Amino acid sequence: MIRRIWQSAMIRLARSPRMKNFMQTSKASSSLASQYVAGETPMDGVTRALALLEKDGIRSSLFYMGEYVDTPGLVEENVLNKTEVAEELAAAAIDIHISVDPTQIGHQINPSLVRKHAERISAKIKELIGNKDGLNCLMFDMEDASLNDPTIELHNKLQDRGLPVALTLQAYLRRTAKDMAQQIERGSRVRLVKGAFAAGPDIAFVSQKEIKENSRRLIDMMFSAKAKQSGFYPIVATHDTRLHDYAIARANENSWKKHEYEFEMLLGVRGDVARELAAKGQNVRLYVPFGKDWWPHAVRRIGENPRNAVLLARSFANL
């Protein structure tokens, strides 16, 4: 109950234009931004991605921040930044992995716009891939539960067209086992996350124990012999070392090679764990946000756990 109340409050903060403007124009809150954000420009994001790869062998998923967008001008800005960072990644000769929220590219204005913009970005990625190694794709982030069906439908349509796309599914939702089974049949590339949104027990597991149990069930599916045979690519996005160990054990049991799956974590969160995994030869990727509009992303990271309240309190204390 406390977690749901906290998460709901953080989502309201993330969506507050007044709070966003206040925090993003305050120099005192810059430390909060720098913990989770690579910088303001596409080149800042690529520079951080190169540093992570060269120093620790860790790859990146670049994310231009701009959520809950409700004007055509901001949608176009988001699309341009995502295509620009694709070009910068190609020039840097590293894999072109870009994350996108459907609300960034027009869902709140007109859902029919989203496919056009997603096609534009994924087509650019396909054009730039060439013979590059690594996982090159447009990764669809999953937002609140109301966007599950349209996001999955969009992913499937673009996948059917041969465009390089991947999909995020959330362990906290009861429906995800069915969605995961369908994506395994399709041989998709799927990132499993816990899910940072609040929902009731009718559609979601609400206790951490239930969510962890469902995560393990989903990992069993992702590393099954059937998934391997279909060409499915598992991406386990968690900071929980017990789930890392669980996924590695399932991979070994079913003869998955290390290059056939990966782990993903967030920039600024448990970097020691990411480095340890990479040092063991596991494929590790960090979700690397960039852009001026950092408040919604940062507050959502804080909202994932009530214990993160200290980070928010320190930021306000410095104002």
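The values are calculated or read from the model by the stated rules, or taken from the named source; none is laboratory data. Everything numeric here is computed off the predicted structure, so don't read it as measured data. Neighbour counts run over all protein chains shown; Cβ positions are idealised from the backbone, glycine included. Calculation scope for accessible area: heavy atoms of the full protein, side chains included, ligands and nucleic acids excluded. Shrake-Rupley method; radii C 1.70, N 1.55, O 1.52, S 1.80 Å.
Here is how the numbers come out for the structure above:
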read-out	value
Residues within the stretch 104-135 that are open to solvent by less than 10 Å² (accessible area, probe 1.4 Å) and not aliphatic (A, V, I, L, M), tallied	3
Pair list, Cβ < 6 Å and 6+ apart or interchain, from the stretch 171-197 residues that are over 20 Å from Asp101 (Cα atoms) and of a type in the set (A, V, I, L, M) to residues that are buried (at least 22 other Cβ atoms within 10 Å of the Cβ) and at pLDDT 95 or above	Ile184/Ala227; Ile184/Phe232
Residue within the stretch 158-179 that is assigned to a strand (DSSP E or B) and at pLDDT below 95 present	no
Any hit, the stretch 2-9, residues being at pLDDT below 95 and within 27 Å of Cys137 (Cβ to Cβ)	no
Considering residues of the stretch 29-64 that are open to solvent by 10 Å² or more (accessible area, probe 1.4 Å) and of a type in the set (Val, Ile, Thr) only, the residue modelled with the lowest pLDDT	Val37
Set Ile125, Ile129, Ile109, Ile94: member being modelled with pLDDT of 95 or more and hydrophobic (A, V, I, L, M, F, W, C)	Ile125
